[in-house]
1. Counting only residues that are touching a residue at least 60 places away in the same chain (Cβ under 8 Å), in a helix (DSSP H, G or I) and open to solvent by 40 Å² or more (accessible area, probe 1.4 Å), how many does the stretch 75-112 have?
2. Select, from 7, 20, the only residue that is within 16 Å of ligand 2 (Cβ to nearest atom) and either exposed (fewer than 14 other Cβ atoms within 10 Å of the Cβ) or assigned to a strand (DSSP E or B) (or both).
3. Tell me which of these residue 198 doesn't satisfy, since it passes every other one: (1) surrounded by fewer than 22 Cβ atoms within 10 Å (Cβ to Cβ); (2) within 16 Å of ligand 2 (Cβ to nearest atom); (3) in a helix (DSSP H, G or I).
4. Look at residue 243 and say whether it is open to solvent by 10 Å² or more (accessible area, probe 1.4 Å), farther than 22 Å from residue 102 by Cα and either touching a helix residue (DSSP H, G or I) at 6+ places or on another chain (Cβ under 7 Å) or not in a helix (DSSP H, G or I) (or both).
5. Condition test on residue 332, is it more than 16 Å from ligand 2 (Cβ to nearest atom) and either under 16 Å from residue 34 (Cα atoms) or of a type outside the set (D, E, K, R) (or both)?
6. Listed residues 326, 365; which is part of a loop (DSSP other than H, G, I, E, B) and basic (Lys, Arg)?
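The values are calculated or read from the model by the stated rules, or taken from the named source; none is laboratory data. Here the structure is a predicted model, which means the values were calculated and not measured. Positions of Cβ are backbone-derived with ideal geometry, glycine not excepted, and every protein chain shown enters the neighbour counts. What goes into the accessible areas is simple: the full protein's heavy atoms, side chains included, and nothing from ligands, DNA or RNA. Shrake-Rupley method; radii C 1.70, N 1.55, O 1.52, S 1.80 Å.
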Amino acid sequence: MRIKEVTLRHLQMKLKFPFTTSFGTFQDRDFILLEAKDENGNSGWGESVAFHSPWYSEETMKTNWHMLEDYLIPALLNQEITHPDEVSEVFSNIRKNNMAKSTIEGAVWDLYSQEKGVSLASALGGKKSKIEVGISIGIQDTASDLLRIIEKYVQEGYKRMKVKIKPGWDVDVMREVRKEFPDVPLMADANSAYTLEDIDTLKALDEFDLMMIEQPLASDDIIDHAKLQEAISTPVCLDESIHSYEDARKAIELGSCGIINIKIGRVGGLSESKRIHDLCESHHIPVWCGGMLESGIGRAHNVALTTLSNFIMPGDTAASSRYWEKDIITPEVTVEDGYITVPDKPGIGYEPDLETIESFTIEKKTYK
Ligand code: OSB
Ligand code: MG
């Protein structure tokens, strides 16, 4: 396969409601959608999960546009690719910028699976026909608002509730949640809002039988997380700290976590996600698929990845309708009784809705 043409689009989609984490609030989702055409005129699609601002990681929509336009697209155009794993070799002299790399690598995986006539899930080696999903719930104004939201998602069948926490919105809130929902699979995500000085607060969370606490400490740390894991019984899950197979290997070796959240963009693509998945499986470290408030294209990639065997915990890939009035794929991603049925059509298995994509497009540029 050869990529003959790439189109970048800057899309802006309005979230149905604001989403608040310890580092800020999202209302509009600005992101890059990438369409890659091969020599047969087939289109593969990828989504950059970088946000408008560098809150979650240093990458932004604009740094991704720059990397794609000036380095990644020129490196890949007209190169003969026999398997998507080769994309990382083409990019091997370009450091980091994982979300930018992942955007185009995802489109190559889509094209590759279309060419083979198989679903992206089976091209990756996934075997599940449906996947279990949970939901991530932002910080609310009051604990009673949070309880009402959890109630709604429990009724909708979501398999695990993830509650965002930060200093001042943690132990007391989790206590109320546990009181009202004693048996619900529950976890907390701090998005790096604590340090080891907060160890008493983090230890106090042990009382609530959480499945895990996600990224309590600094976004670039694996040393302090190992110390924390020694001191608390709740499993630590790393999100922000893991950018590669090597990061995962070191974190496992140090005992920094018991669980890893894999985000395709954060680790630079599906090939690296698969390598991390396999490493974790061999070390009996469960993984799950994180979310970045994706549109349907990124969501479809998450669904496919989650079909791999060691994705044994529900991920954050909720239904399209949870985020958007109208998503940019048909059909949209739907959740029934906490499960997404994995599409079996070739490629990502959902059709990009070009008219809707155009309606959200602010800027567009084609490279050949
Ligand atoms: O830490 O997983 C996170 C959203 C934005 C940035 C970081 C995170 C999140 C979520 C939401 O938790 C996941 C989703 O529903 O897509
Ligand atoms: Mg997280």
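1. 2
2. 20
3. Status for residue 198: all satisfied but (2).
4. No.
5. So residue 332 does not fit the description; no.
6. 326
Okay, residues lined up against (1) open to solvent by less than 30 Å² (accessible area, probe 1.4 Å); (2) more than 16 Å from ligand 2 (Cβ to nearest atom); (3) in contact with an Asp or Glu (Cβ under 8 Å, 6 or more places away or on another chain):
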{"position": "134", "(1), (2), (3)": "yes, no, yes"}
{"position": "152", "(1), (2), (3)": "no, yes, no"}
{"position": "156", "(1), (2), (3)": "no, yes, no"}
{"position": "163", "(1), (2), (3)": "yes, no, yes"}
{"position": "190", "(1), (2), (3)": "yes, no, yes"}
{"position": "193", "(1), (2), (3)": "no, no, no"}
